[in-house]
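A.B. asks: A single structure is presented below for examination.
The values are calculated or read from the model by the stated rules, or taken from the named source; none is laboratory data. Since the model is a prediction, treat every value here as computed from it, not as a measurement. Counting neighbours? That spans all protein chains shown, and the Cβs are built from the backbone with ideal geometry, glycine included. For accessibility, only protein heavy atoms count, side chains too; no ligands or nucleic acids. Shrake-Rupley method; radii C 1.70, N 1.55, O 1.52, S 1.80 Å.
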Amino acid sequence: GAWQMKLIFEQGAQGHCLHLLPACDVPEYTLPNERTTPIRLPHVSENELTRHYTALCKRIHGVNHGFYPLGSCTMKYNPKIDEDMAALPGFTQLHPLQPIETAQGALEALHTLGSELGEVFGMDAVTFQPAAGAHGEFTGVLLIKAYHTDRGDTARTKIIVPDSAHGTNPATAAMCGYQVVNIKSNDKGGVDLDALRAAVGPDTAGLMLTNPNTVGIFDPNILEITKIVHDAGGLCYYDGANLNAVMGVARPGDMGFDVVHLNLHKTFATPHGGGGPGAGAVGCKDFLIPYLPHSALAEEPGHIQVRSFMGNFLVVVRALTYLLTLGRQGIPEAAQNAVLNANYLQARLRGTYTPAYDRICMHEFVLDLSGLKKETGVSALDVAKSLIDEGIHPPTMYFPLIVHEALMLEPTETEGPEVLDQAAEVLRMLYQRAYDAPEAMHDAPHHMPIGRPDEVKAARHPILRWRKP
C-alpha cells in the first residue's frame, strides 16, 4: 500500500545529487588505495531528501505532537531554553582531552549541578559518569558491592527487589553478581513488611526500591523498610525513576537511602530515548564517596570507571538549565503539579475504569482492565491501540506484572486541565466502544500509516538493518 515507505537507500537514481558545496579551502587529501571502494550511499537530490525526512516526521508521535501519558517514563515537555544553553559554543566545542585549566566553566557547571542535586537527593556527593538510568543503577549497586567487599563482608550475596520493581532492577543486581530475592507487595501496593523481615539476613547486600513505586504509591512505611535492611547490615538503593513526584518535597536521603540514581531525562527534562544520549546521575552518602567513579573534580582517582570521561556532558548542561530556571520554588511546584494532574485524571476516570489501587496516587496510576476484557473481550492492548487513532500516545501496557490487563498513566506536570479533560473523554468513549464495537478495537489503529504489526514476530525476528536486494 501507499504507507509502505521506501528507505532512503531505495530512493533516487544514479546522478541525482546536489552540487552546491563551498570551494575547498584546505589542501585536498586523497585516501589510500585500500579505502577507495565506493561506499553505497543513496544518490538523491535535496528535494528527495527533504521529502523523505518530512514524511518520516509525519509518522512520529512526540510530546510536541500530543498527549503522551507513558507511565513510568515521565515523557514531559523539554523547555527549549535547555537546548539553547546546551548549544552554546563554549560547551559544544569542548574536547575531553583539552587542558583542564581551559575547561573551568564546564567543571563549574558539573560542580553546580552536582551540589544542587545533592540537595534534592539528600546525598553528600554526585557523579555524572553513568550514561543512562540503568547504567546509573549498575554504578549504584557497584558502590554497594565495593563497600561490602572492602570490609571483607563477602557473605552478602543477595539483593532484595519488590515485585512491583522496574525490570532493570533485577537485571542490574544480576549483572553485579548478586542473587535476586523478590518480595511481594501488600494489598495497598506497598512493600509487605513481614515478607521483607523474612527475606533479610547476613546474606543481604541491599534493597533496591522505587518510592513512589511503580503503581504510583508513596510507601508510608518507608522509614521502617530502610531500617529493617540497615539492621540486617544491608544498604538501601533508591531507583530515582519516579523522583518527578517528590523532587524538592521529600528527599531519598531522609528516607534512609544510601545511594540513588536519577534519570535526568525523566525528571530534569533532558532528551528522552530514541537512541540518543542519556544521563543517570548517581548520588551517595559520605561513607560511599571513596567508591565513586573517578571525577575531574576530585584530587584522587576514583574506585571504578563506568564510562569514558565525564559522561554525557551536554545532557548535564540541559539538566542544570532546567534546575536553575525552576529554582527552589519551581522544582517542588513541578512535582506537586505532577501529583495533582495524576489524581485529577484518575478521578475523571473513576466510575468508568477500575483503578488497581483506588486511593490517592502520586505521579501515576494503574488501571485494571481485566473486568472489561472479561465482559467484552477488549484487552488493555486493544484500548492502547485505539488511543493511537485519537492522537494520544498509548500509556505503559501490562506493567507492573502484578496487575493484569494494566494501563499505567502518567500525565506529568506539563499538561493543563483541558488536555486531561479531553483524554478522559476519549478513554470513556473507548470504554463504551468496547461494548458497542469490540471487533473494531481488535483491529485498531485504523487511520495510521501502519496498522497493527505482528509484535511477537517483530520481537523474535527483528530486521535491524537494510540489505540491498
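A.B. asks: One residue is enough: does segment 187-194 have a residue meeting the conditions open to solvent by 40 Å² or more (accessible area, probe 1.4 Å) and either part of a loop (DSSP other than H, G, I, E, B) or closer than 28 Å to ARG151 by Cβ (or both)? Explain how you work it out, then say what you get.
C.D. replies: First, pick out the residues of segment 187-194 that are open to solvent by 40 Å² or more (accessible area, probe 1.4 Å): 187-188, 194.
Keeping just the survivors that are either part of a loop (DSSP other than H, G, I, E, B) or closer than 28 Å to ARG151 by Cβ (or both) gives 187-188.
Yes; the residues of segment 187-194 include at least one that is open to solvent by 40 Å² or more (accessible area, probe 1.4 Å) and either part of a loop (DSSP other than H, G, I, E, B) or closer than 28 Å to ARG151 by Cβ (or both).
A.B. asks: Still on this structure: Given VAL246, VAL282, which one is within 17 Å of ARG307 (Cβ to Cβ) and among the β-branched types (Val, Ile, Thr)? Can you show your working first?
C.D. replies: On the way: VAL246 fails: within 17 Å of ARG307 (Cβ to Cβ).
Result: VAL282 is the single residue among VAL246, VAL282 that is within 17 Å of ARG307 (Cβ to Cβ) and among the β-branched types (Val, Ile, Thr).
A.B. asks: Tell me, which residue of segment 230-245 that is assigned to a loop (DSSP other than H, G, I, E, B) and either closer than 30 Å to VAL339 by Cα or not hydrophobic (A, V, I, L, M, F, W, C) (or both) is least open to solvent (accessible area, probe 1.4 Å)?
C.D. replies: Ranking the qualifying residues of segment 230-245, first place goes to GLY234.
A.B. asks: Any chance you could count how many residues in segment 1-35 are β-branched (Val, Ile, Thr), modelled with pLDDT of 90 or more and open to solvent by 100 Å² or more (accessible area, probe 1.4 Å)? It would help to see each step written out before you state the result.
C.D. replies: Quick first cut of segment 1-35, residues β-branched (Val, Ile, Thr) only: 8, 26, 30.
With the extra rule that they be modelled with pLDDT of 90 or more, the set shrinks to 8, 26.
Pick out the ones that are also open to solvent by 100 Å² or more (accessible area, probe 1.4 Å) and you get none.
The qualifying residues number 0.
A.B. asks: Can you confirm whether GLN98 is open to solvent by less than 60 Å² (accessible area, probe 1.4 Å), assigned to a loop (DSSP other than H, G, I, E, B) and under 29 Å from SER72 (Cα atoms)? Quick ask: steps written out before the conclusion?
C.D. replies: Numbers: open to solvent by less than 60 Å² (accessible area, probe 1.4 Å): yes; assigned to a loop (DSSP other than H, G, I, E, B): yes; under 29 Å from SER72 (Cα atoms): no.
Here the answer is no, as GLN98 does not meet what is asked.
A.B. asks: Could you grab me the full set of residues in segment 36-92 that are at pLDDT 95 or above, open to solvent by 40 Å² or more (accessible area, probe 1.4 Å) and in a loop (DSSP other than H, G, I, E, B)?
C.D. replies: ALA87, LEU88, listed by residue number.
A.B. asks: Residue by residue through segment 283-305, note down the ones that are modelled with pLDDT of 90 or more, in a loop (DSSP other than H, G, I, E, B) and either open to solvent by 70 Å² or more (accessible area, probe 1.4 Å) or among the aliphatic types (A, V, I, L, M) (or both).
C.D. replies: LEU292
A.B. asks: Give the residues of segment 371-425 that are outside any helix (DSSP H, G or I), hydrophobic (A, V, I, L, M, F, W, C) and either without any contact (Cβ under 8 Å) to a residue 24 or more places away in the chain or open to solvent by 50 Å² or more (accessible area, probe 1.4 Å) (or both), sorted by residue number.
C.D. replies: Start the filter on segment 371-425 by keeping residues that are outside any helix (DSSP H, G or I), which leaves 377-379, 390-416.
After this cut, where a residue has to be hydrophobic (A, V, I, L, M, F, W, C) as well, the list is 378, 392, 397, 399, 401-403, 406-409.
Passing the criteria: MET397, LEU401, ILE402.
A.B. asks: Separate question: If you take the residues of segment 426-445 that are surrounded by 12 or more Cβ atoms within 10 Å (Cβ to Cβ) and charged (D, E, K, R), which of them is farthest from the chain's Cα centre (by Cα)?
C.D. replies: The residue in question is ARG433.
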